[in-house]
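Notes follow the structure.
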Amino acid sequence: MTGAAWVDEGVVPSLPRWLLPLVAAVRTIEPGELSMFLPPDEGGRPGAVLILFGDGENGPDVLLIERAAKMRSHPGQPAFPGGAVDSTDASPTAAALREAQEETALDPLGVTVWATLPDLWLPPSGFVVTPVLGWWSSPSAIEIGDPAEVAAVHRVPIADLVNPSNRVEVTHRVGYVGPGFDTHGMVVWGFTGGLLSRLLEKAGMSEPWTATRRIDASELT
């Protein structure tokens, strides 16, 4: 079942001002505002992703990876760091931080987790995913942590994501049509693109754009 969003009110005062509108939005956000794919009542493999915001050289940014081309699930796609919740993980938050460290070599001690979003469903892979929202309070160097799973690691400025010239619609032969971002030599789409688009819109960070560019997902794999 979907869970309600949770915000750690104790750390909110330590967050940057530009992130506070998103904090306010998360407090009342409903699962259906994030995705049309909600978890089934039973079944699904638990997973977690880390949506990590930071202050980079070019302003506020978010951490993304590009999955290795030989991955069985979503090969070559941009994504948030994350993966399956293992039996040794204390929580989805612990899983998201562990996976992020394995994939990007970041230091999890420098990450302040301030919220978790309601669980969402990834039909293609059968995962029930908990999005974990973090603030990079003490940024560390990043690099490809596991070449078998990760082809590249990026800190993508939010200004680049919301730039109307970088916004696209992505289609798939199964009938999918969703928002995407064409930046940093990659097209962010699917679960990651949709969730990013909705979060930035809820936070009032988006800029008006029209779907004048459409990309076929088959051209991206």
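Read-outs: derived from the displayed coordinates by stated rules, not from any lab. On a predicted model such as this, the values are computed, not experimentally measured, just so you know. Here Cβ is always computed from backbone atoms with ideal geometry, including for glycine, and neighbour counts include all displayed protein chains.
The table for this structure:
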{"read-out": "Per-residue [θ]222 nm for the chain (sum of -39500 (n - 2.57) over DSSP H runs n ≥ 4, rounded to 500)", "value": "-5000 deg cm²/dmol"}
{"read-out": "Loop-resident sites, region 96-205, for GluC sites (Glu not before Pro), counting at most 11 other Cβ within 10 Å (DSSP)", "value": "E143"}
{"read-out": "The chain: relative contact order in percent, alpha carbon pairs under 8 Å with at least 6 residues between", "value": "24"}
{"read-out": "Dimensions in Å of the chain - Rg and Dmax from alpha carbons", "value": "16.2, 46"}
{"read-out": "Region 4-73 shape via C-alpha gyration tensor axes, a/c threshold 1.5", "value": "oblate"}
{"read-out": "Alpha carbon centroid spacing (whole Å) that separates region 1-50 from region 91-162", "value": "14"}
{"read-out": "Shape call, region 118-181: gyration tensor on alpha carbons, a/c limit 1.5", "value": "oblate"}
{"read-out": "Sites E57 and A148, calculated FRET efficiency, Cβ-Cβ separation with R0 35 Å, nearest 0.05", "value": "0.75"}
{"read-out": "Peptides ranked, highest mean first, by Cβ atoms within 10 Å: ranges 39-46, 59-66, 133-140", "value": "59-66, 133-140, 39-46"}
{"read-out": "Approximate spin-label separation N163-I215, in nm, with each point projected 7 Å along Cα-to-Cβ", "value": "1.4"}
